[in-house]
Amino acid sequence: MKGIFSVLVENQSGVLSQISGLFARRGFNIDSLAVGETENHDVSSMTIVSTGDERTIDQIEKQLNKKIDVIKVRRLQERSCICLEMMLIKVSYTPSNRGSLLEICLINDARIVHMGAKDMIIEIHAAPDEIENFIELVRTFGIKEIQRTGTVALKKD
Amino acid sequence: MINGAEAMVKCLEAEGITKIFGYPGVAIAPFYDGLFDSNIEHILVRQEQAAGHAASGWARISRKPAVCVTTSGPGATNLITALATAYADSIPIIAITGQVDSELLGRDVFQEADITGAAESFTKYRYLVKNAEDLPRIFKEAFYIASSGRRGPVLIDVPIDIQKQEIEDFDYDRIQVDIRGYKPPKKDGNPQQVQKVVEAINQSKKPLICAGGGVILGNGEEQVRAFCEKTGIPLVHTMMGIGVLPKAHPLYFGMLGNNGKPYANRAVDQSDLLIIVGARVADRAIAKPKNLEKGTRTIVHIDIDTAEIGKNLGPTIPLVGDVGGIFQTLTKENITVDTSAWLDKLREIKTTTVDHRKFSDEFVNPITFVKELSARMDEDAVYVADVGQNQLWSADNYIMKSGRFLTTGGMGTMGYSIPAAIGAKMCRPDKQVVAVCGDGSFQMAMNELATARVNDVPLKIVIMRNHYLGLVREYQYNTYHSRYEGVQLYDTPHYDKIAAAYDMQYIYVDDNQKVESSIEEFLAMDDACLMVCEVASENNVK
């Protein structure tokens, strides 16, 4: 199963390495990890997506809670939160297939942020599965490079 | 105005610290200068690891945090094993390390080691102090973190310039600890979960308590004992749980696990309700937790650390809280279980389970020795067992009365017993303290005989000498068809000369007939004494 954790941590050096170290040490998966400051400068927020069986996901929550630099751990359900990810993807094109690539971008609400002679950089914000889907759609054009931010999530209510 | 180092000393004084164990160096020199004018006595060990183990021994006896201190770099890294040992056994220690100048951090200067990074997985928490003004708050937090919730070591790394920095004001009493990410569980546990436990007990016919080291660390022995006696529920324990019930207690059914009593394991197998308290359900106690989950047995897991519950074993009823508080509550509840038939059954199991292990009577039989020694020790004596066959013979055969049995059950750190015994004896000079080790573990820590000698600690040490790293030898015997590699210790050193070198009395016993008289002579002695007890090398634990 998938576990999405929204984790508030002390914004100080070494905390990210503590959290990633915890996952590495105990053999937990990290599918994605996104970190940023919150409205308080001394608090950072992490969204960590992991997969594992129920007991593992439970253990992750408990082990995170045990960390003194972790202020709060919330486990989010996909259906009750907004999960978004941003991706920059550099895709090759030719004059003949450029039109269909632009069409795919238009349908998927993706934006072209840079246009080169042979490739373009496309920006897309979407749910992680939609991002996966978009990658598949443009794969035949030739993907040169991808940068993804990892999932960020907020609970709706 | 005082400087950071003086503030550190004042913090320790305010926490009631009277002795600290350590090893100086340049990066911690300002702190040592601060100690010069303090009543806190510094005990110089002979290697930093021993400072950690000695603090551990002290902490386990005083049941309060104890302090060790080292310099930066190798001083700090030498301490890691002791920290890992204390962390695995949940022992409250405050470790202070010197660090290079904060301006130079990260530049790989002389004796710089990233100790807060390195100790991350071996400590409950770590501080790298960046401003001397923070020192009083950090010390107060460190003592609070180490001694609350699940106990554990806390490291404070202080760069030398921070130790020298002057601070404006120092008012330790005024500091309120408020750590937003650290709220130890409430004392008494969730009332609804407590009720579920009561119902489970009343519905059971064959309830059994499995007590771990957490019962002792949480100062809950009395409450668990009172609960057992009121309800008639029998008890088994892990190695770290030795001492929750005395061996002669009618509800006592031994140590479980692969180094424990076979009848204790059978008791676990046959129970219909297993109440695990303050135990990690680690592999040496319960080899196959999945087997326990099968069937209809109800499992209650009580622990102060939420993360221990469900880590290795999925309990039916989890209960988070302090052992003393929870068992005090449980004792007041209306528990109606009748265990008389179950106790009859357990007594039958105990008498009919045949122990097939054979021990050689050549030289001294190790089993007889541990029984004879512990039987003659004071009621409230402290027995410090090292690691190896000596530890397992000790744990299995020690006759627990009302004293303490200290060992490193979690990490299994060889060389623990001598420094830990020094710490224990310095904490309570009125108590009889005996360290029991093997010839392997003794040689890992024998430099600390000097620490004991110089500080007039009348240490009593037994070496169960078999000329081998016995437990590894046993493993090679069982697993690798006696292809012994790297396990022989031969006949050195000459222990009589070691004893003489450190002004210790010396007793040698290699004959079963002389065991009793030797032990009596050993225990009666006021001086420090080294007793070598020769055992046959082919003796195994199993």
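The numbers here are math on the coordinates, done by the rules we state, and not lab data. Owing to the predicted nature of the structure, the values given are computational and were not obtained by experimental measurement. As a convention, Cβ positions derive from the backbone with ideal geometry for all residues, glycine included, and neighbour counts pool all protein chains shown.
Per-peptide packing, taken as the mean over residues of other Cβ atoms within 10 Å, places B:281-289, B:115-123, B:320-328 in the sequence B:320-328, B:115-123, B:281-289 from highest down. On a C-alpha basis, how far is the centre of the stretch B:308-333 from the centre of the stretch B:163-214 in Å? Whole number, if you could? Cα centres, the stretch B:308-333 to the stretch B:163-214: 11 Å.
Charge dipole of the stretch B:290-407 (Cα centre as origin; +1 on each Lys and Arg Cβ, -1 on each Asp and Glu Cβ, all else neutral): 380 debye, rounded to the nearest 20.
Toward the positive end of the charge dipole of chain A, with +1 on the Cβ of Lys and Arg and -1 on the Cβ of Asp and Glu, the farthest Cα among A:121, A:134, A:51 is that of A:51.
As an exercise, find the ratio Rg/Rh for the stretch B:484-542 from alpha-carbon atoms, using the Kirkwood inverse-distance average for Rh.
Radius of gyration over Kirkwood radius for the stretch B:484-542 works out to 1.04.
Rounded to the nearest 20, the size of the Cβ-charge dipole of the stretch B:1-152 about its Cα centre is 740 debye, with Lys and Arg at +1 and Asp and Glu at -1. The H on the amide N of residue A:119, modeled in the peptide plane, is under 5 Å from the matching H of A:93, each at least 5 residues off or on a different chain. Sorted largest first, the principal axis extents computed over the alpha-carbon atoms of the stretch B:437-542 equal 46, 31, 20 Å. Out of every Cα-Cα pair that the stretch B:159-247 contains, those further apart than 15 angstrom amount to 75 percent. FRET efficiency for the pair residue A:55 and residue B:272, taken as 1/(1 + (r/R0)^6) with r the Cβ-Cβ distance and R0 = 22 Å, rounds to 0.40. Subtracting the Cα-Cα distance of residue B:190 and residue B:338 from 0.36 nm times their residue separation leaves 50.7 nm of extension gain. The Cα trace of the stretch A:82-155 gives Rg and Dmax of 12.2, 44 Å, the first to one decimal, the second as a whole number.
Using a simple spin-label model with pseudo-atoms 7 Å out from Cα toward Cβ, residue B:472 and residue A:20 lie 3.5 nm apart. Each principal axis of the stretch B:426-489 carries a Cα extent, and these read 47, 20, 15 Å when sorted largest first. Entry note, chain B: relative contact order of 13 percent, from Cα contacts under 8 Å with a spacing of 6+ residues. Each 10 Å bin from zero holds the following percent of Cα-Cα pairs in the stretch B:191-352: 11, 47, 38, 4, 0. Dipole of the protein assembly as shown computed with +1 at Lys/Arg Cβ and -1 at Asp/Glu Cβ about the Cα centre; of B:320, B:440, B:291, farthest Cα towards the positive end is B:291. With a bin width of 5 angstrom, please list the P(r) values of chain A as percents of all Cα-Cα pairs, from the 0 bin to the one holding the largest distance. The percentages, shortest bin first, are 2, 9, 17, 18, 14, 12, 10, 9, 6, 3, 1, 0. Rounded to the nearest whole Hz, the Karplus-based 3J(HN,Hα) values (6.51 cos²θ - 1.76 cosθ + 1.60, θ = phi - 60°) of the stretch A:141-157 follow the sequence 6, x, 8, 9, 7, 9, 10, 10, 7, x, 6, 10, 9, 9, 6, 6, 10, with x at glycine and proline. On a per residue basis, the convex hull of the C-alpha atoms belonging to the stretch B:366-534 measures out at 111 Å³. Only residues of the stretch A:49-77 count here: report those whose backbone N is under 16 Å from the spot 7 Å along Cα→Cβ of residue A:12, or say none. In the stretch A:49-77, the label zone of residue A:12 (backbone N under 16 Å from the point 7 Å along Cα→Cβ) covers A:67-72.
Remark: the stretch B:440-454, residue by residue, has Karplus-estimated 3J(HN,Hα) of x, 5, 4, 6, 7, 9, 5, 4, 6, 4, 5, 4, 5, 4, 5 Hz, where x stands for each Gly or Pro and the curve is 6.51 cos²θ - 1.76 cosθ + 1.60 at θ = phi - 60°. Here B:529, B:210 are placed in order of increasing Cβ neighbour count within 10 Å, fewest first, which gives B:529, B:210.
Here each label is just a point 7 Å from Cα along the line to Cβ, and for residue B:375 and residue B:105 those points are 5.9 nm apart. Dipole of chain B computed with +1 at Lys/Arg Cβ and -1 at Asp/Glu Cβ about the Cα centre; of B:373, B:273, B:384, farthest Cα towards the positive end is B:273.
Residue by residue, the stretch B:165-180 carries 3J(HN,Hα) couplings of 5, 7, 10, 5, 9, 9, 9, 4, 5, 6, 6, 9, 7, 8, 10, 5 Hz when phi is fed to the Karplus relation 6.51 cos²θ - 1.76 cosθ + 1.60 (θ = phi - 60°); x denotes Gly or Pro. Inverting the pair-averaged 1/r between distinct Cα atoms of the protein assembly as shown gives 28.1 Å as its Kirkwood hydrodynamic radius. Extending 7 Å from Cα along the Cβ direction at residue A:114 and again at residue B:164 yields two label points whose distance is 4.9 nm.
Legend: calculated FRET efficiency, residue A:144 to residue B:175, from the Cβ-Cβ distance at R0 = 41 Å, rounded to 0.05, equals 0.10. Neighbours of residue B:167, meaning other residues whose beta-carbon lies under 15 angstrom from its beta-carbon, give a summed charge of -2 when Lys and Arg score +1 and Asp and Glu score -1.
With 30 Å as the limit on Cα-Cα distance, the pairs of A:156/B:290; B:64/B:514; A:66/B:230; B:187/B:311; A:155/B:130 that go past it are A:156/B:290; B:64/B:514; A:66/B:230; A:155/B:130. Taking amide H as placed 1.01 Å from N in the peptide plane, residue B:112 has no amide H partner under 5 Å among residues 5 or more places away or on another chain.
With viscosity 0.890 mPa s and temperature 25 °C, the Kirkwood radius over alpha carbon pairs of the stretch B:40-183 converts through Stokes-Einstein to a diffusion coefficient of 160 µm²/s.
Its Cα gyration tensor gives chain B an equivalent ellipsoid, and the semi-axes of that ellipsoid, as √(5λ) in whole Å with the largest first, are 38, 32, 20.
A Cβ-based charge dipole, computed about the Cα centre of chain B with Lys and Arg at +1 and Asp and Glu at -1, lands at about 2260 debye.
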